[in-house]
């Protein structure tokens, strides 16, 4: 690998790691904000008035757990992707797959081209158009 390619790879890798750090930091800031909002607005255990009827809500409503779980899964997947080589690995796979598909298509069309040539030659030899 040339120095310029190595530098480009390292720069790209650093950008992916930075993006993960930013993602995790935004997650933490938003989750702290949501926990505070949830703590301030949650109902105390017991009854709650809704549409003129009383109902029991149990221990209060800690709804913040659901966005926290979903977003933590997204951050974890982001971390795994970065740890496994980020998009570089997928880009390399894509390049290999494109090269393989091009090779297959060339082989297929080369076989068809040779087949057509042999048919044209045999047609030309029999004298029919």
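General observations
- Of the residues making up region 52-68, those that are in a helix (DSSP H, G or I), farther than 15 Å from residue 28 by Cβ and either touching a helix residue (DSSP H, G or I) at 6+ places or on another chain (Cβ under 6 Å) or at pLDDT below 75 (or both) number 0.
- Condition check for residue 71 on (1) in contact with a helix residue (DSSP H, G or I) (Cβ under 8 Å, 6 or more places away or on another chain); (2) at pLDDT below 90: one failure, at (2).
- The single condition from (1) touching a helix residue (DSSP H, G or I) at 6+ places or on another chain (Cβ under 8 Å); (2) at pLDDT below 80; (3) surrounded by 10 or more Cβ atoms within 10 Å (Cβ to Cβ) that residue 116 fails is (1).
For (1) within 28 Å of residue 82 (Cα to Cα); (2) at pLDDT below 65, each residue gets a yes or a no:
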| residue | (1), (2) |
| --- | --- |
| 9 | yes, no |
| 34 | yes, no |
| 40 | no, no |
| 50 | no, yes |
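The values are calculated or read from the model by the stated rules, or taken from the named source; none is laboratory data. If you're wondering where the values come from, they're calculated on a predicted model, not measured in any experiment. Positions of Cβ are backbone-derived with ideal geometry, glycine not excepted, and every protein chain shown enters the neighbour counts.
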